[in-house]
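Q: Handing you a structure now.
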Amino acid sequence: MKLDEFFVTGDPLIYGADVSIALTLIGAIFVLTYFKKWKWLWTEWLTTVDHKKLGVMYIIAAVLMLFRGGVDALLMRAQLTVPDSSFLDANHYNEIFTTHGTIMIIFMAMPFLIGLINVVVPLQIGARDVAYPFLNAVSFWTFFMGAMLFNISFVIGGSPSAGWTSYVPLAGLELSPGVGQNYYLLGLQIAGIGTLLTGINFLVTILKMRVPSMKLMQMPMFTWSSLITMVIIIFAFPVLTVALALMTFDRLFGSHFFTMMDGGMPMLWANLFWIWGHPEVYIVILPAFGMFSEIISTFARKTLFGYKAMVYSMVVIAGLSFLVWVHHFFTMGAGGAVNSFFSITTMLIAVPTGVKIFNWLFTLYKGRIRFTTAMLWSLAFIPNFVIGGVTGVMLAMAAADYQYHNTYFLVAHFHYVLISGTVYACFAGLYFWYPKMFNHRLNERLGKWSFWIFVAGFNLCFFPMYFLGLAGMPRRIYTYGIGDGWMSLNVLATFGGVLMGIGFLILVYNIYYSFRYSPRETTGDPWDARTLEWSTPAPVPHYNFAHLPEAKGHDAFWIMKEEKKQGKAPEKKPYKPIHMPSYSGVPIIMSVFFFIAGFGMVFSWHWMSILGLIGVLATMVIRSFDYDKGFYVSVEEIEETEKKTTL
Amino acid sequence: MKSFFALSMFLAVMVLSGCSNLTVLDPKGPVAEQQANLILFSIGFMLFIVLVVFVLFTLILVKYRERKSGPEYEPPHIEGNVFLEIVWTVIPVIILIVLAVPTVQTIFALEEAPEATSHKDPIVIHATSVDWKWVFSYPEENIETVNYLHIPEDHPILFKLASADSMGSFWIPSLGGQEYTMSGMMTELYLQADEVGEYRGRNANFTGEGFTEQVFTVTAESEEDYEEWVEEAQDAPKLTQEKYNELMLKGHTEEQTFSETHLQWVDHGMDAEYATKVRNGESTDEDDSSEMDHSEMNHDDSEKDSEEHSH
């Protein structure tokens, strides 16, 4: 292979990206070396198995990916603002919407949520770490390396360009001969390992690591939503793993699962993809529901309305999520009975979702509502998500869907549910739990600026798209003619997109500003909140709880505070040594080998992939013979730490 | 205040979009009309739901904000209300039933030719997507067109859809909803135009580089004009297999007319491999495998040809 085929050439935007990547790398290396931070980075972060630190790393990676996906989005908006624009050519535009979709779902939404789950869930259930801390680090690093593998595609070898759904035959070797699609397959495959491990890890953690006094029906709603999400992950992700593997075989080793030639079945891919893909939508929305429940309850100063209904509605949604996948291709001509069945199952999802909306509204009813930034994001979710939800019901009506399908009406719908659901939740959760992670709050004034600008921009960007869809504008076209009459709404949408970008930049600035100027926390409970994570002191010690807390019902920490007010002080018990897991460099090294193997497979350099896989195997062997059973935190150290922390 | 904001934006967009035509809600045939009616029917219910939630939301936020209730107010402990929860489970279920009935009815109605003209025999047209063009075959009239269609008004058309390569979606928004075209499979779609006019059709499903320009025009005309056009088209040059194989190569092409159809050599609804074989310079004749070696040598030439023809 020639060097100019290896590196993507010829586009000034790509050269710009090359330069910025090089500068960022050099800058990072310089800073780490100058401040002598390499050792600190390795021992404190890269080898950590602490769920709180892994969560923070997930969130940092997700914010970076949000930036990348957001730049992609703005490039698309720039191209579509005016008719017959020549800013991007068709191929470049195709690559950009493919990476935008893939990155936002797989490498932004999921890690952001999993990051928050990592930080919060063990604390909410009174655990000192997750069930399998080592595996948790493997999860993070395989996700990270998968994301990096996917992301280098645009400077080395070329990006995938067959859409995030990668429908065959288009994504097959015959019609997409470049290496881009291989990046998609292997990047997702490696990151998928991490997700599946997370699913198993947190399922066991939530079921087995709760403080003994916490019953299932007393768990905080975010923990409940995480538990159900993990069950969906465990059932859905193996389907993706298999589908990706089959397509990889097709492309690298000449098999014929999905090809046009020799009796392959292209539509099988669409089915497998959406059997994973639709539950995936709920994987990214249920934790969001959980977070909104916590935040709304906290800032309305009321317990959650209809706790049991909230739990059961999520269980129903999870079950239905596996029964609706055909609604992604009603137009396949499957016949009236099939389309009717999937129309009705899809519509049914609106019922448990509606129950949740009304339960949130009635949690607010008779509350004492404080409009903090976290609360504003959660409140804005309700009306925006309802718009996304009712248009979802419209899309579920198959006969009408023949007209909405593949248009901007659909684009508007899923951005309304994914942004006002998942992204608002990520921001709300970030503002809410930020003091738990970094021991200071984010600035509220900047937060509110960012909120209003982003929410206004979001509605301005995506609401017009419903009308673009009804005006017949299909998704994924890279330009349109002046005669189509789609310009005025596209200009509006671009303007909204720019506002969203500004809102995001203010959020990023807020992180810097608050790091410099926000007062440090003096208590572990800045919001007067209700669940156990807020009973930990500030900063949270690495062992989380010196004494395991006691859960006397839903809103366990609120009950503790009420009892304290009534003068029932908990008796002081002596500390006992705490068993904690040791840090390990194996997960990151194993994942680097995964990256090497994946990179080799992308280019069909089999010596390299074999080398990488041997490395993976070797690290597994090393881990198997690792007899390190962790260590005990001594009573002296606990006393020392507890004295330093406040509360 | 939020709902007010959203509502004012809704109105603003409605006004703005008045300039651009909402094609889907301006049907020109019975299929699109049934769909537009279903859409408008559902929008009514959706606006009602949105209104209920927005009003409740606004009232609660205004009434129970801390600035109004004061910092001493301590909210009551309410765990739920079985009656209310049943209400907001049952009402959505009723709304969904009301929506599901016409949905299912329309789904099945669209599988048949439109009722008003069901006494007429539908005209059968095979629509085949090939990267990145549309090939239309009229088997009974024995004509074939590329990138344009002529149809008579008030006459049901039965489209038999297939793809020579990547999956496309056949869509004429003014006349009705879309349906996929797939290689090796055949789907059927009834459409009909009630008004004489020019409509735009396109591929709605992403097929790669040339997807945006994979469009065609539909001319709906009176029965007489249509007959005239058919006769004219029957005098067009004959479609040869060589000519047809050129169409199989990736690329765009201008509108073309032929007498005779490609169905004599290949039915893409049955044969998923034809276009790929042509592109690879392989024999497209199932029985003749001895040509393989010979044709692979021509591989590079045919690639070069395709470049020239497609631009």
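The values are calculated or read from the model by the stated rules, or taken from the named source; none is laboratory data. Predicted model only: the values in this text are computed from it and were never measured. No Cβ is skipped: glycine too gets one built from the backbone with ideal geometry, and neighbour counts run over all protein chains shown. SASA here: full protein model, heavy atoms, side chains in, ligands and nucleic acids out. Shrake-Rupley method; radii C 1.70, N 1.55, O 1.52, S 1.80 Å.
Q: Report the residue count in the stretch B:134-182 for those that are within 11 Å of another protein chain (Cβ to nearest Cβ) and out of contact with any strand residue (DSSP E or B) (no Cβ under 7 Å at 6 or more places or on another chain).
A: Qualifying residue count, the stretch B:134-182: 3.
Q: Now for a separate question. For the stretch A:542-647, please list each of the helices (runs of 4 or more DSSP H) lying entirely inside it that holds at least 1 residues being open to solvent by 100 Å² or more (accessible area, probe 1.4 Å) and among the β-branched types (Val, Ile, Thr).
A: Ranges flagged: A:606-624.
Q: In the stretch B:187-197, which residues are β-branched (Val, Ile, Thr) and either at the interface with chain A (Cβ under 8 Å from one of its Cβ atoms) or open to solvent by less than 10 Å² (accessible area, probe 1.4 Å) (or both)?
A: B:Thr187
Q: Taking the condition of a type outside the set (D, E, K, R), open to solvent by 10 Å² or more (accessible area, probe 1.4 Å), part of a helix (DSSP H, G or I) and more than 20 Å from B:Phe211 (Cα to Cα), does A:Ala493 pass?
A: No.
Q: Can you tell me which condition B:Glu72 does not meet? The list is (1) at pLDDT 85 or above; (2) within 7 Å of another protein chain (Cβ to nearest Cβ), and all the others hold.
A: Evaluating B:Glu72 over (1) at pLDDT 85 or above; (2) within 7 Å of another protein chain (Cβ to nearest Cβ) leaves (2) as the failure.
Q: Now for a separate question. Output yes when any residue across the stretch A:294-309 is under 15 Å from A:Ile349 (Cβ atoms) and either facing chain B (nearest Cβ under 10 Å) or open to solvent by less than 10 Å² (accessible area, probe 1.4 Å) (or both), and no when none is.
A: No, the stretch A:294-309 contains no residue that is under 15 Å from A:Ile349 (Cβ atoms) and either facing chain B (nearest Cβ under 10 Å) or open to solvent by less than 10 Å² (accessible area, probe 1.4 Å) (or both).
Q: Additional query: Against the condition more than 8 Å from chain A (Cβ to nearest Cβ) and either in contact with a Cys (Cβ under 7 Å, 6 or more places away or on another chain) or without any contact (Cβ under 8 Å) to a residue 60 or more places away in the chain (or both), how does B:Ile78 come out, does it pass?
A: No.
Q: Here is a further query. List pairs: first residue in the stretch B:24-40 and more than 8 Å from every other protein chain (Cβ to nearest Cβ), second residue small (Gly, Ala, Ser) anywhere in the structure, Cβ distance under 6 angstrom, at least six positions apart or on different chains.
A: Final answer for the pair search is B:Pro27/B:Ala36; B:Lys28/B:Ser174; B:Lys28/B:Ala193; B:Gly29/B:Ala193; B:Val31/B:Gly176.
Q: Among the residues of the stretch A:1-52, write down those that are among the acidic types (Asp, Glu), in a helix (DSSP H, G or I) and within 30 Å of A:Met437 (Cα to Cα).
A: Result: A:Glu44, single match.
Q: Considering the stretch B:198-219 alone, what residues qualify as being open to solvent by 20 Å² or more (accessible area, probe 1.4 Å) and touching a residue at least 24 places away in the same chain (Cβ under 8 Å)?
A: Across the stretch B:198-219, the qualifying residues are B:Arg200, B:Arg202, B:Glu209, B:Glu213, B:Val215, B:Thr217, B:Thr219.
Q: Which condition from (1) within 15 Å of B:Pro30 (Cα to Cα); (2) touching a strand residue (DSSP E or B) at 6+ places or on another chain (Cβ under 8 Å) is the one that B:Asp194 breaks?
A: Going through (1) within 15 Å of B:Pro30 (Cα to Cα); (2) touching a strand residue (DSSP E or B) at 6+ places or on another chain (Cβ under 8 Å) one by one, B:Asp194 breaks only (2).
Q: Can you tell me which residue within the stretch A:358-376, out of those that are in a helix (DSSP H, G or I) and open to solvent by 10 Å² or more (accessible area, probe 1.4 Å), is farthest from the other protein chains (Cβ to nearest Cβ)?
A: Selected residue: A:Leu376.
Q: Test A:Val316 against the stated conditions and say whether it is within 11 Å of another protein chain (Cβ to nearest Cβ), surrounded by fewer than 22 Cβ atoms within 10 Å (Cβ to Cβ) and aliphatic (A, V, I, L, M).
A: yes
Q: What residue, of A:Leu175, A:Leu216, A:Leu227, is under 27 Å from B:Ala204 (Cα atoms) and without any contact (Cβ under 8 Å) to a residue 60 or more places away in the chain?
A: Only one candidate qualifies: A:Leu175.
Q: Further question on the same structure: What number goes with the only condition from (1) in contact (Cβ under 8 Å) with a residue 24 or more places away in the chain; (2) closer than 27 Å to B:Leu22 by Cβ; (3) not in a loop (DSSP other than H, G, I, E, B) that B:Asp194 does not pass?
A: Evaluating B:Asp194 over (1) in contact (Cβ under 8 Å) with a residue 24 or more places away in the chain; (2) closer than 27 Å to B:Leu22 by Cβ; (3) not in a loop (DSSP other than H, G, I, E, B) leaves (3) as the failure.
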